[in-house]
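In what follows, a structure is listed as structure tokens, so that the remarks can point back to it.
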Amino acid sequence: MDNDPNELGGGANPAESPGINLEVPTDLARGVFADFVGVWHNPYGFTLDFGVFDMASPGPDGTAVLPATVVARIKVPPGLIFQIAQAIADNVDKYERSYGPITPRPFDTAGTETYGPPETLGDDSGS
């Protein structure tokens, strides 16, 4: 069964959902590509910065510097972070049962992904 990205939790069990009718505006339906996420917190909540890497370049000391740009910043209250973690864990389990194990994505020495550019990933907008 395919997950509908418009459902709560990207495929949460409707019997467990509190009757939320999630509307995704047309301009957000396609989503944005991200190849990293940074998570940080303060006493008031968690911040998830989703971003994309650029090509690596040599830094002042000669070591590689991997520039990145944040494409979405999501701020959530502390109580929601457990629901996010559980939804991710549940969906990873479902994904792996359907498609096989997920392997960590290695980066080559130029700092680019070995899995190809975003346009090769397809449209998961649910339309």
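The values are calculated or read from the model by the stated rules, or taken from the named source; none is laboratory data. Predicted model, so just to flag it, every value in this text is computed and none were measured. So basically every Cβ, Gly included, is an ideal-geometry build from the backbone, and we count neighbours across all protein chains shown.
Here D124 fulfils each of the conditions (1) modelled with pLDDT under 85; (2) over 13 Å from the mean Cα position of the chain (by Cα) apart from (2). Residues in the range 50-68 that are in contact (Cβ under 8 Å) with a residue 12 or more places away in the chain and among the β-branched types (V, I, T): V52 only.
Looking across the range 42-80, the residues that are touching a helix residue (DSSP H, G or I) at 6+ places or on another chain (Cβ under 9 Å) and more than 25 Å from R105 (Cα to Cα) come down to P43, Y44, G45, V76. I'd like the full set of residues that are surrounded by fewer than 15 Cβ atoms within 10 Å (Cβ to Cβ), under 15 Å from the mean Cα position of the chain (by Cα) and not β-branched (V, I, T), limited to the range 45-75. Residues satisfying the conditions are A72, R73, K75.
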